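A.B. asks: If you scroll down you'll find the structure; I have some questions about it.
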Amino acid sequence: MKKDQQYVSREDCVRRGFVRKNGGIYKMSVLERFAEKGWLDFGDSKYSAQDRLKAAEKLQKDYEQSYFMSMSAGGIRERIDSKGKNANDVEMICKARKRYEEAARHVPGEFWSAVKRVCLENRDFEVSKQFSERRRMEIGFLLKCDLCRGLDRLIKFYWSL
């Protein structure tokens, strides 16, 4: 090993979002990191962070089964022939698209951008550097609250099915 290379400690791996799962190393999604840090507890108190995580996973699953894009936050990839598993099951695709579109309609527009960014695009919030550190923290908190409120709407939708 070269002198400029260092061993990465377990704490550093966890901090960077890597965990050991099912005998291998796994990179957590942005949503899973938010849940790990307790940021999915900001919504309605009758729902838990696990409820919000499950609703987001159902939205991701419907989105993946709809074949709107080749790779999503869940990590499902298409095969070389541009078809994934069950790509020829038109009925399943139509049902998944219908569920996805109904779920998206249940989330108000002011919360949808946060839900889409974190749950479907697997991207963290980016707050402009032009604001002071305190203001960036406040904006980040508000964005996480919007995410939780959007996930609360998804919980209501998915529980009604």
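The values are calculated or read from the model by the stated rules, or taken from the named source; none is laboratory data. Just so we're clear, the structure is a prediction, and the values are computed from it rather than from any experiment. With ideal geometry, Cβ positions are generated from the backbone for all residues, glycine too; neighbour counts draw on all protein chains shown. We work out accessible area using only protein heavy atoms, side chains counted, and drop any ligands, DNA or RNA first. Shrake-Rupley method; radii C 1.70, N 1.55, O 1.52, S 1.80 Å.
A.B. asks: Which members of the stretch 39-67 meet the condition of being of a type in the set (Gly, Ala, Ser), part of a loop (DSSP other than H, G, I, E, B) and in contact with a Leu (Cβ under 8 Å, 6 or more places away or on another chain)?
C.D. replies: If the condition is that a residue be of a type in the set (Gly, Ala, Ser), part of a loop (DSSP other than H, G, I, E, B) and in contact with a Leu (Cβ under 8 Å, 6 or more places away or on another chain), then 43 is the only one that fits.
A.B. asks: While we're looking at this one, here's another question. Please go through the stretch 16-40 and pick out each residue that is surrounded by 15 or more Cβ atoms within 10 Å (Cβ to Cβ) and under 15 Å from the mean Cα position of the chain (by Cα).
C.D. replies: 28, 29, 30, 31, 32, 33, 34, 35, 39, 40 - these are the residues of the stretch 16-40 that are surrounded by 15 or more Cβ atoms within 10 Å (Cβ to Cβ) and under 15 Å from the mean Cα position of the chain (by Cα).
A.B. asks: Looking only at residues that are among the hydrophobic types (A, V, I, L, M, F, W, C) and open to solvent by less than 90 Å² (accessible area, probe 1.4 Å) in the stretch 115-141, which one is farthest from the chain's Cα centre (by Cα)?
C.D. replies: 131
A.B. asks: When residue 94 is evaluated against the numbered criteria (1) at pLDDT 70 or above; (2) within 15 Å of the chain's Cα centre (by Cα), which criterion, by number, is the only one it fails?
C.D. replies: (2)
A.B. asks: Let me ask you something else. Please go through the stretch 24-46 and pick out each residue that is of a type in the set (Val, Ile, Thr) and free of Cβ contacts under 8 Å to residues at least 60 places away in the same chain.
C.D. replies: Matches in the stretch 24-46: 25 only.
Each row is one residue, and each column tells you yes or no for (1) out of contact with any helix residue (DSSP H, G or I) (no Cβ under 7 Å at 6 or more places or on another chain); (2) at pLDDT below 60; (3) open to solvent by 40 Å² or more (accessible area, probe 1.4 Å); (4) not polar (S, T, N, Q).
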site: 79; (1), (2), (3), (4): yes, yes, yes, yes
site: 87; (1), (2), (3), (4): yes, no, no, yes
site: 99; (1), (2), (3), (4): no, no, yes, yes
site: 104; (1), (2), (3), (4): no, no, no, yes
site: 109; (1), (2), (3), (4): yes, no, yes, yes
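A.B. asks: Within the stretch 8-23, is there a residue that is assigned to a helix (DSSP H, G or I) and closer than 11 Å to residue 148 by Cβ?
C.D. replies: no
A.B. asks: When both residues are 6+ apart or on different chains and their Cβ atoms are under 8 Å apart, which pairs have a first residue that lies in the stretch 109-137 and is at positive phi, and a second that is at pLDDT below 95 and polar (S, T, N, Q)?
C.D. replies: Cβ pairs passing all conditions: 122/29; 122/72.
A.B. asks: Related question: Residue under question is residue 73, and the condition is that it be among the small types (Gly, Ala, Ser), more than 26 Å from residue 17 (Cα to Cα) and at pLDDT below 95; does it hold?
C.D. replies: No; evaluated as a whole, the condition is false for this residue.
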